Every structure is written in C-alpha cells, then in structure tokens.
Amino acid sequence: MTIRLAVAGVRHPHIDTIIAEAGHHDDVELVGIAEGDRELRGSYTARYGVRGYDDHAQLLDSGTADVIAVGDVYSARGAIVADALRSGHHVLADKPLCTTRADLDAIHAAWRGGDRLLSIAFEKRFYASTLALSEVLAQAELGEITMVTATGPHKLTRHRRPDWMFDAASYGGILNDLTVHDIDLLLHLTGVSSGQVRGHAGNRGNTDRPGFEDHGLAVVETDGGPIAALDAHWLSPEAAPYHGDYRMRLVGTGGTADVLWKDDELVVATHERSPRDVPLPPRRRAAADFVDALRAGREPSVTASDALAATSVALAAQESARAGRPVTWDIAGYLPGSGGAPLDRPTSRRTP
C-alpha cells in the first residue's frame, strides 16, 4: 500500500519537514503541490518533480492524494483543512490549524462527520525531553501539578519573513501561532479540560508594522488544575547561536521539572532526591508518527481532539488579548466520548 501525500500551500518552511517525511519511507509518495503563488509553486514542483495545482480545490478534485499536508498562509488554512476532510482526505497541518473560531467550527464539523485522521505537527510533543517528561509524570514523581510556566522566544529575522505575516488578518496573532505549542502541552500533560484565559499581546520592536504582534502572554487558569503562564515573542537575540531558548517548568507538590528544549535536557528535583538530569529516549518526528498511524489504523499521538482543543484555547487567548478581558474555555466537546468526538471509527477506512 502506498500512501499518496500532497501539499496545499508552501508559505511557511515548516511544511518542508512534512514533505521531507516522504523520503524516509518507501511506501510514502509525494504526488502534488497546490500553491497560488506561481513562482513558488514552480520552485517546489521542479525540486520534487511533481504536478502543481493552482489551488487546493484543484488538488482535491484530482483524486490523486490520500493525505493533504497544509502549509498555506495562516488565514487560508481553515478552509483548506475543512475542504480536505469533507472530500475524504486525511490531514496533517502545520500549526496554526486556523485563525478564526468560525474556521475551527467548520473543521470540527467536517472531521466529526467523517472517518479521516486529522493532526497538527506539534514537534515539541516529540522532542526527547518532552517524551522523558511524560514518563516522569506517569510515575507521579512531582505529585500534583500546581503551576506551569513556559517561554517561547523566536528570532524574527525580519528580512526573511513574508509580508502576510505582518498583517493581523492573515497572521492571526502571536498567541494562536506560537503559544499554541505550550497550550497543547499543558492540556496533554495535565489532562485539564476547562477554565479561563487572559491573553496579552503587543508590539514594541516592530512598531512600523502596526498589524503585527511581537510578544504575548497567555495566563491560563484551569478548573481544578494548575495555573499556567505561557509567553512567546519574536524578540530572541539575532546574534544568538540558537533560534530560541525554549523552556518549560512544572511545579508540583512533590517536586519540579525543568524542560530545556534548546539544550535537550530534562532536570527533575523532588523532596527526596536532589536535581538530576533525566536520561532521554530517542527523539521522534511528528510526521513519522502520522504515517505510522495511517499504516496501523490508529489515531496519531496528536489526535484530532488534541488539535482542535489546543487551537480552541489558543483562539480564546487571542480573543482575550484583543478584547482586553478574560475568556472562558472548555474543550469537553472535542474529547473522546463527547458528542463532538466520534468513536469507534471503522479502522479499514482510516487507511488510504
């Protein structure tokens, strides 16, 4: 069985990681690229020797693909994902999944009404230190998690960024773009499902582009769970040898865990043991996990419910930042067993 992969939109370099996944598997074939920018489309189709399409509708109508990887301008992604699901394709999207609540609702309805796989390539889930952290939490070494803090600094390298990124409508906001990574981890690692979020966003270093947000913070309160402060910014030092010094700290009643993604380390300290570096398992790849899920007829590690839930909370944080008030969030409708998450899908129909 060959898994036929096609791409809808190549406007962000993250999509190259998903395209590269085809080269790691004998049974995955890149079959087409849809891109509205003629020059960009030509560059990619020439590089990979595949057919090009003017837009995602042409690609979907061609019937040549099983999986659609989505990497278009952020504001265009929601319609592409929903259309792909409705037309019977599996979808692996770069983050963010979409930029509006209306698009998220359309994606949810399209996925709920079918039997296709949907996932976001949340690479942080698959870093070695994150995988090790999951094991530490499974052993309950930290006790009850009470606080989570994370920072997501990014280099802007402004001259390399496309114009659409500096437009509020096409970009969608920094919390929905960057903080969504750590929102996903908060939900995944703690199991919380409702609460309130207060978002903050601003622009201090790029004031000549008033539609852009170069820093933001989401303060997430959870019902019966931890408090989280998750920041992100485009102000990481340009002269630094790294793109960003990503970190997360979990504070529990029994100890702390510091996830140092830049340095590929996990440091755990408890009331019984002094700080120690935790041995790390091999790093995994988000796209590889999705391919493995297709082969096995299982859900990917980042399930559709996970993708929808993280996006929903990120959109709530973005809404809060714009409105200047807290926003209540609840992801119960996306979780397995709810009316919004279909169960027991026929495994035979999940494979291409």
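Read-outs: derived from the displayed coordinates by stated rules, not from any lab. Nothing here was measured: the structure is a model prediction, and the numbers come from that model. Cβ sites come from the backbone with ideal geometry, for glycine too, and all protein chains shown count toward neighbours.
Region 84-138 to region 181-254: how many Å between their Cα centroids? Using only Cα atoms to place each centre, the spacing works out to 19 Å. Listed by chain and number, the lysines placed with their C-alpha closer than 19 angstrom to that of K95 are K124, K155; residues fewer than eight positions away on the same chain are left out. The slack between H243 and H25, meaning 0.36 nm per residue of separation minus the straight C-alpha distance, is 75.6 nm. Projecting the Cα atoms of P153, N206, S193 onto the charge dipole of region 48-207, computed from C-beta unit charges around the Cα centre, puts N206 farthest toward the positive end. Residues in region 112-122 carry Karplus couplings, in order, of 4, x, x, 9, 8, 7, 9, 7, 10, 7, 7 Hz; the curve used is 6.51 cos²θ - 1.76 cosθ + 1.60 with θ = phi - 60°, and Gly or Pro positions show x.
Order these peptides, 202-209, 77-84, by their mean beta-carbon neighbour count within 10 angstrom, highest first.
Numbers: 202-209: 13.4, 77-84: 24.4.
Ranked by mean Cβ neighbours within 10 Å, highest first: 77-84, 202-209.
Rounded to the nearest 500, the 222 nm mean residue ellipticity of the chain from helices alone is -9000 deg cm²/dmol, with -39,500 (n - 2.57) taken per DSSP H run of at least 4 residues.
Averaging the Cα positions of each part gives two centres, and for region 63-78 and region 19-48 these lie 12 Å apart.
Loop only per DSSP, at most 16 neighbouring Cβ atoms within 10 Å: give me the GluC sites (Glu not before Pro) in region 196-253, ordered by residue number.
Details: sites: E213, E221, E238; in loops: E213, E238.
Passing both the DSSP loop test and the Cβ count: E238.
I want the local charge near V251. Using Cβ-Cβ distances under 14 Å, sum +1 for each Lys or Arg and -1 for each Asp or Glu among the other residues.
Values: positive: R247, R249; negative: E141, E144, D258.
Its environment carries a net charge of -1.
Net charge near L266, counting Lys/Arg +1 and Asp/Glu -1 over other residues with Cβ under 9 Å of its Cβ? Working shown, then result.
Numbers: positive: none; negative: D258, D264, E265, D277.
For residues surrounding L266, the net value is -4.
The calculated pair-distance distribution of region 124-277 uses every alpha carbon pair, bins of 10 angstrom beginning at 0, and gives 11, 37, 32, 16, 4, 0 percent. Size descriptors for the chain (Cα atoms only): Rg and Dmax, in that order, 19.9, 61 Å. Listed values for region 316-321 are Karplus-derived 3J(HN,Hα) couplings in whole Hz (6.51 cos²θ - 1.76 cosθ + 1.60, θ = phi - 60°), namely 5, 5, 5, 4, 4, 4, and x replaces Gly and Pro. With R₀ set to 56 Å, the beta-carbon distance separating D264 from T64 gives a calculated FRET efficiency near 0.90.
Give the average over all directions of the projected area of the C-alpha convex hull of region 1-106, one decimal, in nm². Could you put the intermediate results ahead of the total?
On the way: hull surface 24.4 nm².
Directional mean of the projected Cα hull area for region 1-106 stands at 6.1 nm².
In order along region 223-232, the phi-based Karplus estimate (6.51 cos²θ - 1.76 cosθ + 1.60, θ = phi - 60°) of 3J(HN,Hα) comes to 7, x, x, x, 8, 10, 10, 10, 10, 8 Hz; Gly and Pro are listed as x.
Please state the relative contact order of region 130-244 as a whole percent: Cα pairs under 8 Å, 6+ residues apart? Let's see the in-between values first.
Numbers: 180 pairs, mean separation 41.2, N = 115.
36 percent.
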